[in-house]
1. If you go through segment 30-48 one residue at a time, do you hit one that is modelled with pLDDT under 95 and acidic (Asp, Glu)?
2. Need pairs with beta-carbon distance below 7 Å; first residue in contact (Cβ under 8 Å) with a residue 24 or more places away in the chain and within segment 20-41, second open to solvent by 80 Å² or more (accessible area, probe 1.4 Å); sequence gap 6+ or separate chains.
3. Which of the residues spanning segment 10-34 are open to solvent by 40 Å² or more (accessible area, probe 1.4 Å) and assigned to a strand (DSSP E or B)?
4. I'd like the full set of residues that are open to solvent by less than 70 Å² (accessible area, probe 1.4 Å), part of a strand (DSSP E or B) and in contact with a Ser or Thr (Cβ under 7 Å, 6 or more places away or on another chain), limited to segment 35-64.
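The values are calculated or read from the model by the stated rules, or taken from the named source; none is laboratory data. The model shown is predicted, which means the values in this text are computed figures rather than measured ones. Counting neighbours? That spans all protein chains shown, and the Cβs are built from the backbone with ideal geometry, glycine included. Just the protein is used for accessible areas: all its heavy atoms, side chains included, with ligands, DNA and RNA removed. Shrake-Rupley method; radii C 1.70, N 1.55, O 1.52, S 1.80 Å.
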Amino acid sequence: SMFYFYSPSCGPCKAMTPVVQKMSGRDRNVVAVDISKDMDTARRFGVMATPTVVKVREGVVQQVLVGPQPESTLRALMVSA
């Protein structure tokens, strides 16, 4: 699974969100989390900044990417799941 943590007020998030939304429409393993509405989940994953992408496999965090990421990186992250 891939969790995408964002904030509506985050500039870089505004560029990444449409890409993640497109990915989540095709893959149920992509979850977008608005930290202003779900801070508990953000805390559980140790999110300190947005955007943050967390790859989880079998309940274990495999990789954390902080900051804006290109679509190619996000797709590669999902392929390696």
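1. No, segment 30-48 contains no residue that is modelled with pLDDT under 95 and acidic (Asp, Glu).
2. That search, which allows pairs on different chains as well, returns Ala32/Gln21.
3. Val31, Ala32
4. Result: Val56, single match.
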